[in-house]
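We did not get these values from a lab; they are worked out from the coordinates using the rules stated. For clarity, every value in this text was computed on a predicted model and none was experimentally measured. Here Cβ is always computed from backbone atoms with ideal geometry, including for glycine, and neighbour counts include all displayed protein chains.
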């Protein structure tokens, strides 16, 4: 069965500092991987995705993530945090088959201080 | 073009009452999903639908009923609400042939008293 583990339920950084949110997954087949962001009282917005091809994927708002098959990881990074990045972030996985629902991690809340 | 809308956005109901949460999409995506979001659990799948008149259970289906008579609508009904169903409910869609990504509505915050 697939699963997603997000290390750290809460991460705090200073404005301008590196953001690193960790995600490890388990899957019996090559997965599709996603990062979503949720701002307060809003739905989830897709940040970026890995399906096939280049293992370093770039998303919106300056975020990127690298798929490392050997480490079963898909960590999310941003070189310089901005106050507006404060939100909850979810890593998700699905096998590369049509229609299968997403399996989500439990989320990481990112706080950014000035 | 609103994409996905959910109604109501907020709902308070009493234990034992029936309540229906609505989800409507304007994209004609084949797949639709219902998730619930609870602290410490992330998002968990309740039901999903691959097309009109085709539905299937997810991880936490007990106490919920769905239907999909039209592609654009996917209502979720709590037949007899319980306090454990207090949650935020999200509807999502996925197009056929997409790379797995789903698009989420704004959510419905349901409180069962």
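Overview of values
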{"quantity": "Stokes-Einstein D (µm²/s) once Rh is taken as the Kirkwood radius of chain A over alpha-carbon pairs, at 10 °C in 1.306 mPa s", "calculated": "112"}
{"quantity": "Inter-site label distance for residue A:64 and residue A:29 at 7 Å from Cα along Cβ, in nm", "calculated": "3.0"}
{"quantity": "Of all DSSP beta bridges in the protein assembly as shown, antiparallel share, percent nearest 5", "calculated": "90"}
{"quantity": "Two-site label geometry, residue A:55 and residue B:13: point separation in nm, points 7 Å out along Cα→Cβ", "calculated": "4.8"}
{"quantity": "Reciprocal mean inverse distance between Cα atoms of the protein assembly as shown - Kirkwood radius, Å", "calculated": "18.1"}
{"quantity": "Distance in nm between pseudo-label sites at residue B:109 and residue B:53 (7 Å out along the Cβ direction from Cα)", "calculated": "4.0"}
{"quantity": "Contact order normalised by residue count of chain B, Cα under 8 Å, 6+ apart, percent", "calculated": "35"}
{"quantity": "Footprinting exposure proxy for B:39, A:46, A:102, A:20 (fewest neighbouring C-beta atoms within 10 Å first)", "calculated": "B:39, A:20, A:46, A:102"}
{"quantity": "Relative exposure of B:31, B:48, judged by other C-beta atoms within 10 Å (fewest first)", "calculated": "B:31, B:48"}
{"quantity": "For region B:1-107, the Rg and Dmax computed from alpha carbons only, in angstrom", "calculated": "13.1, 41"}
{"quantity": "Taking region B:7-49 and dividing mean pair separation by its residue count, relative contact order in percent (alpha carbons under 8 Å, at least six apart)", "calculated": "29"}
{"quantity": "Average Cα contact separation per residue, chain A, under 8 Å, 6 or more apart, as relative contact order %", "calculated": "38"}
{"quantity": "Euclidean distance of C-alpha centroids, region A:1-36 and region B:8-53, integer Å", "calculated": "25"}
{"quantity": "Rounded to 5, percent antiparallel among DSSP beta bridges of chain B", "calculated": "90"}
{"quantity": "FRET efficiency, residue B:82 to residue A:10 (Cβ-Cβ, R0 22 Å, nearest 0.05)", "calculated": "0.15"}
{"quantity": "Packing-based exposure ordering (other Cβ within 10 Å, fewest first) of B:32, A:83", "calculated": "A:83, B:32"}
{"quantity": "Relative counts (whole %) of C-alpha pair distances in region A:1-45, using bins that are 10 Å wide", "calculated": "19, 43, 31, 7"}
